[in-house]
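Here is the structure we will look at.
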Amino acid sequence: MKPVKIATWNVRTLYQCGKLENVKKEMKRLVINILGICEVRWTGAGKISSDKYTVTYSGGQKYEDGVRLILDKEQ
């Protein structure tokens, strides 16, 4: 069984163009399989696929707070 690396990060905001790409690059560089993120500042809730990652998120009605999980699709 392959080891799984889990991490957390307070990113302060992902409500800017290119921020998700930066996070994915860091996950790849640090070989992180599951990343919990707070203060993403996205509204609503949902799930998206981005490259080899699955992103689930939950936020409020305003661009404040919010949490997210980014999962490496290999896991």
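Values quoted throughout were computed directly from the atomic coordinates according to the rules given, and no laboratory measurement underlies them. Quick caveat: nothing in here was measured; it's all calculated off a predicted structure. In this analysis, Cβ positions are derived from the backbone assuming ideal geometry, glycine residues included, and neighbour counts consider all displayed protein chains.
Using modelled amide H (1.01 Å from N, peptide plane; none on Pro or chain starts), what sits under 5 Å from the amide H of Lys5, excluding residues fewer than 5 places away?
The list, which skips near neighbours in sequence, is Asn33, Ile34.
If the cut-off is 24 Å between C-alpha atoms, which lysines fall inside it for Lys24, apart from same-chain ones fewer than 8 positions away?
Hits, sequence-local ones excluded: Lys2, Lys5, Lys47, Lys52, Lys73.
In which sequence would Ile6, Ile32 go, from the one with the fewest C-beta neighbours within 10 Å to the one with the most?
Lowest to highest Cβ neighbour count: Ile6, Ile32.
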